[in-house]
Amino acid sequence: MSKTEFPPSITSRPVYGELEVRPGKHHLMIADAEGAEAILGLASSAPADLWAQTHIIYIPKSTGETYTGDLRALNPAQMYVGPSYEAAKQRIEDTFAKAHMGLQVYLTGTEGLMGQAMAAAIAAGIPHTAIQTEHRGSTARRMQCVHCKGITEDVTTDPFVCSHCGLNLFVRDHYSRRLAAFQGVCIDAEDPGNVPPQVEVFK
Amino acid sequence: MTIQFNDETFRDDFTFRNSPEAIKRFPFPFHEDSYMYSVNLEPHVALKRPGSPFEFAFDVDEHYVSEMADRAKVLADDPLRCQSLPHMTLAGWDLVEYIMEAKARDYPDLFELHKDGDRWRWINKPLGIDDTFTFLDESTLPYGPMEYITRQTQGDFALLDQRDDNLWMDAGMVTTQADWSLDFDIGMNFFEWHAPVPKAHEMGIFVRALKFLLNLQQGAPVRRLNWTMTVNPLLDTSPENYHKWGEMKSKLTMDNIGEKQHLRVELQTLFRLPRSNAICFPIRCYLCSFNDLVSVPKWGRRLHRVIRDLPEELAEYKGFIANRPLMIEWLSQYDDGAPTSDGIFPDE
């Protein structure tokens, strides 16, 4: 699968690149779902000793066992497979907190995964020049309800229902790096009950 | 000067009113019969018009006391409307000094500032405040410095940190906003927080404006006017509460539009702060009903022409596209086609 081509977008949305192996003492790779393909893609250009200095944190989501065997076959020094970002959050923050100079960070997969891990890395003082990103897989969005502030993960339709307060929200094309989320705004505020049919806009 | 402060509300029963004097000094934002974006920044210096909202650094008007009461209610309901990232505390103190000195100088009958070294005594007569505190010591104020002084100053405030050749919205007090969320936008740079504005990016507006602002000097503040439309004199047109106030926008008729529809004008000023090198960006909201606007014949004619000819995207972005036909129909009664004079002020 090639890297995702996004349509021209707003200036608050991050631009994602393509992962490449960079010199470093340690390598932390955080991925979800099809992001595994970007990590596996590094193998061809990786020096022989790379994986012995690498910690992989992987959240397969709907891909289940598709990639976990191949990732393990890379023989990383540490490998964690977890059910959700929320579940892996403490481990990720702990890893950033204990990181030393010379760490290279590789984030790949959905925007929600990369955005949250990026925010955690920056908060821990990792220089942004040591962080790479590559989008893979679903373009589903992580949305913050501007009304109740609750986050709804993996939104694929517009409008959608806030998973916290139940309001019908439209997807505003505005992104906060701090929250790692797009903004959801009530769609029927001016005419309550008048909610257009849901359309799948992100896959 | 002595100001008679109104006892009025900006919610529920909406008792807000402009006195005849307030209408005359309203900062009408259109200097000609059409409107398009521009980098319309000019020096924030006093005009030779005593009593205008451009006379002083921070305008205090008849709505002051009631606006501050409304702000306190908004903050009680949602404390996230006031936030300051940890590195912005010094900029907050800069703001305390800037506002206190300006108000004590410009309105000596209302505000007093007495300094004894770092021990400062601040007297705010309209709000009944008499506090003594130690400058730069947070523990001597009841709130953080930015929150303390902006609970006593009309208008929203954003404090912009300057680094990496950009401006970062890293602190703010935002309770009277035209549909943007501080809680969402805090920490963003200049291009990021303007991302949802249509057309202006392609026009190069933000690149030019940022270049100008990065070079803003101490003692040389600038200002511009911006505008939108609000149904009822509602100060808190926040996205947070949009699901509560949005329905009011669909209640306009030919009979009530003159009373309910308000032109919402933002007097935006920008000041360089001395210690932090941050930029203080106050966004002061003035409201005026259509009825009151058309009492000035020049404004009635001009508003009709501006609204009629405004590009579709702007009416959409400013959130009044659905009500525009009704506005044009009502306003056309006040446009006899006569020419209008240049500039924003009423004809004498």
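Looking only at region B:273-282, count how many residues are crowded, with 20+ Cβ neighbours inside 10 Å and either β-branched (Val, Ile, Thr) or not in a loop (DSSP other than H, G, I, E, B) (or both).
Residues flagged as crowded, with 20+ Cβ neighbours inside 10 Å and either β-branched (Val, Ile, Thr) or not in a loop (DSSP other than H, G, I, E, B) (or both) within region B:273-282 amount to 3.
Only one of these is under 15 Å from A:Gln132 (Cα atoms) and more than 14 Å from every other protein chain (Cβ to nearest Cβ): A:Ala73, A:Ala52, A:Ala36, A:Ala88. Name it.
One residue alone meets the criteria, A:Ala36.
Working only within region B:129-142, note down all residues that are loosely packed, with under 14 Cβ neighbours inside 10 Å, within 22 Å of B:Ser276 (Cβ to Cβ) and touching a residue at least 12 places away in the same chain (Cβ under 8 Å).
The answer is B:Thr134, B:Asp137.
In the list A:Ala124, A:Ala119, which residue meets the criterion of being away from chain B (no Cβ under 14 Å) and open to solvent by 20 Å² or more (accessible area, probe 1.4 Å)?
From the options A:Ala124, A:Ala119, the qualifying one is A:Ala124.
What's the number of the only condition in (1) more than 29 Å from B:Ser19 (Cα to Cα); (2) in contact (Cβ under 8 Å) with a residue 12 or more places away in the chain that B:Ile321 fails to meet?
Every condition holds for B:Ile321 apart from (2).
Take region B:15-30 and flag every residue that is assigned to a loop (DSSP other than H, G, I, E, B) and crowded, with 16+ Cβ neighbours inside 10 Å.
B:Phe16, B:Asn18, B:Arg25, B:Phe26, B:Pro27, B:Phe28, B:Pro29, B:Phe30
When you check B:Gly172 against the structure, is it closer than 18 Å to B:Leu80 by Cβ, open to solvent by less than 10 Å² (accessible area, probe 1.4 Å) and either in contact with a Lys or Arg (Cβ under 9 Å, 6 or more places away or on another chain) or within 14 Å of another protein chain (Cβ to nearest Cβ) (or both), yes or no?
Against the criterion (closer than 18 Å to B:Leu80 by Cβ, open to solvent by less than 10 Å² (accessible area, probe 1.4 Å) and either in contact with a Lys or Arg (Cβ under 9 Å, 6 or more places away or on another chain) or within 14 Å of another protein chain (Cβ to nearest Cβ) (or both)), B:Gly172 qualifies.
Counting residues that are in the same structural domain as A:Ile131 (by TED's automatic domain parsing) and crowded, with 16+ Cβ neighbours inside 10 Å, which strands (runs of 3 or more DSSP E) fully inside region A:1-105 reach at least 3?
Passing ranges, in order: A:26-32, A:54-59.
With the requirement that a residue be free of Cβ contacts under 8 Å to residues at least 24 places away in the same chain, open to solvent by less than 40 Å² (accessible area, probe 1.4 Å) and farther than 18 Å from B:Asp94 by Cβ, what does region B:118-128 give you?
Residue satisfying the conditions is B:Ile123 alone.
Please indicate, with yes or no, whether at least one residue in region B:143-161 is surrounded by fewer than 22 Cβ atoms within 10 Å (Cβ to Cβ), over 21 Å from the mean Cα position of the chain (by Cα), without any contact (Cβ under 8 Å) to a residue 60 or more places away in the chain and farther than 27 Å from B:Pro43 by Cα.
yes
Within region B:238-261, how many residues turn out to be more than 10 Å from chain A (Cβ to nearest Cβ) and open to solvent by less than 10 Å² (accessible area, probe 1.4 Å)?
Selection size over region B:238-261: 3.
Give B:Ser276, B:Ser289 a once-over and let me know the one that is more than 30 Å from B:Asn166 (Cα to Cα) and among the small types (Gly, Ala, Ser).
B:Ser289
How many residues are of a type in the set (S, T, N, Q) and surrounded by fewer than 17 Cβ atoms within 10 Å (Cβ to Cβ) if we restrict to region B:195-237?
Final tally of qualifying residues: 4.
Can you name the number of the only condition in (1) more than 14 Å from chain A (Cβ to nearest Cβ); (2) under 28 Å from B:His262 (Cα atoms) that B:Gly219 fails?
(2)
Got at least one residue in region A:115-127 being in contact (Cβ under 8 Å) with a residue 40 or more places away in the chain, part of a helix (DSSP H, G or I) and of a type in the set (S, T, N, Q)?
Yes, some residue in region A:115-127 is in contact (Cβ under 8 Å) with a residue 40 or more places away in the chain, part of a helix (DSSP H, G or I) and of a type in the set (S, T, N, Q).
Restricting attention to strands (runs of 3 or more DSSP E) lying wholly within region A:149-203, give those where 1 or more residues are more than 11 Å from chain B (Cβ to nearest Cβ).
A:151-155, A:168-176
Exactly one condition in (1) more than 24 Å from the chain's Cα centre (by Cα); (2) within 12 Å of another protein chain (Cβ to nearest Cβ) is not met by B:Ile186; state its number.
(1)
The values are calculated or read from the model by the stated rules, or taken from the named source; none is laboratory data. What you are looking at is a predicted structure, and each value in this text was computed from that prediction instead of being measured. A quick note on method: Cβ atoms are made from the backbone with ideal geometry, for glycine too, and the neighbour counts reach across all protein chains shown. With ligands, DNA and RNA removed, areas are computed over all heavy atoms of the protein, side chains included. Shrake-Rupley method; radii C 1.70, N 1.55, O 1.52, S 1.80 Å.
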